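Since the structure comes first, as structure tokens, the remarks are kept for the end.
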């Protein structure tokens, strides 16, 4: 059935049988967004990605996808640097920014649901050079994230034994994450769903245990209750501690723009993405903020064991320290096991995102065209192979000291890239809305359109705070805590910003791109209006009582 558009003012009901987004057949996902500066030559080896992700996949990935080494180890580093004050400031700001990002980005991702997501939108509504710069940095950042999780895998395993060689540990990790992507895309979605569900259950258990420890549970009970608040300085490293905590918070609570990428393969973007946004808010305020509260109550910031978090030791996790102090056994091993599972899940996400980004950019003419090839099962096999080569290289160079230094520089890209991406998303959203107005064609006014509830305040907040955090990062990179001011220490955390600027200016000079004219920009290509089945399904959903609609967020 052909897609149709329905006017928001119309009260006409469609006589279509009630559908279910979970039962909609897999359809092909058109990723091609051509721009005046490039053309894509299609051939018999180029097909399309498939929309095989169900609502429960997108929701659960949004709810538990990023629970991993970030929340278990980054929190320990942040506590060590800035005590409870820096942690609360950093996580509240970054979590609010993540929520605002999803609100702002979702408008474009629902209207133009491609696997390029914000990369496509930046090139379409702002400048192809901007799309290239943000896409290249995100692609490289996720590629190095794969390798970073592999490097931590060996350290996490040492919680039980140190007999397994480092190279063998890394090989096991790489085999697991790439084997998943040799299978149909549905396998990846199910793997992420199951691992995310396990991580969510684990977080619930940890929160309950922390509450019990505060109430005196455990053979020895907690002896550090509230020390951070009453006996230790609030800002042990001044503003530097807060600035450092911003980066660490982004490692565990940021990077949620990947949901926009996965939405490009969702069966029903208008249904899936908004629900993932709602679940994101739940995850942030239940899991992250609860965890931060308990960590700061149970573990002093000057506990020497926290320093082990800098080398990736799971025993340095504030949760593990709190349980050990209370004499609770068994749960630290569970945390370690789930953390290893989380590393594999995030590594698998890295393969997925890097391959989809490079595929989308190839089809936009921003990367070599060969990377845009997709097999009959909807797998971008060339991009997956390219990501595998880079990830394997980055992972194994960590074994050598010199290689580890090189890798540290590359992996620093992911530290600040989220904030650059947030700025790009805001600019893109403003220009997209202006294009709709100039061309008198506003899909946001149509029935069941997804609209940012807090526009324009959410995008203004996101834009301003992103610039503020980048400036804070520049300051702490120039004057790092406990380190001298050197070029190596500076670029260890700030290399992404100059790289982004060089890529943007370089691409613009070489290809002579111009800022897109919003009066003539194509706002039809890649657009996915609601079909009759979509509208019938949404009619049935919104006709239900509020409590039945609420139940759909926790049933799959």
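The stretch between residue 467 and residue 489, if pulled fully straight at 0.36 nm per residue, gains 5.8 nm over its current Cα-Cα span. Once both labels are positioned 7 Å from their Cα atoms along Cα-to-Cβ, the gap between residue 393 and residue 334 label points is 4.3 nm. Of interest is the spacing of the C-alpha centroids, which for segment 72-141 and segment 337-384 amounts to 18 Å. Between residue 525 and residue 162, the FRET efficiency estimated from the beta carbon spacing at R0 = 51 angstrom works out to 0.40.
If you plug the beta carbon distance of residue 546 and residue 509 into 1/(1 + (r/R0)^6) with R0 = 56 Å, you get a FRET efficiency near 0.55. Treating r as the C-beta distance of residue 281 and residue 194 and R0 as 30 Å, the FRET efficiency rounds to 0.85. Each peptide in 281-293, 82-94 gets a packing score, the mean of other Cβ atoms within 10 Å over its residues, and the list from highest to lowest is 82-94, 281-293.
One decimal place: the segment residue 201-residue 302 gains 33.4 nm when fully extended, by the rule 0.36 nm per residue minus the C-alpha distance. For segment 51-551, with equal point scatterers placed on the C-alpha atoms only and solvent neglected, what are the log10 I(q)/I(0) values from the Debye formula at q = 0.08, 0.13, 0.14 1/Å, to two decimals? Evaluating at q = 0.08, 0.13, 0.14 Å⁻¹ gives log10 I(q)/I(0) of -0.48, -1.31, -1.51. Which residues does a label at residue 447 reach in segment 93-111, if reach means a backbone N under 13 Å from a point 7 Å past the Cα toward the Cβ? Correct set: none at all.
Ranked by the mean number of other Cβ atoms within 10 Å of their residues, highest first, the peptides 377-386, 117-126, 495-504 come out as 117-126, 377-386, 495-504.
Contact order for segment 51-551, expressed relative to its length and based on alpha carbon pairs under 8 Å spaced 6+ residues apart, stands at 31 percent.
Annotation: peptides 199-211, 163-175, ranked by per-residue average of other Cβ atoms within 10 Å with the highest first, follow the order 199-211, 163-175.
Rule-based calculations on the coordinates, nothing more; no lab input. Here the structure is a predicted model, which is why all the values come from computation and not from measurement. Methodologically, a virtual Cβ is constructed for each residue, glycine included, from the backbone with ideal geometry; neighbour enumeration extends over all protein chains shown.
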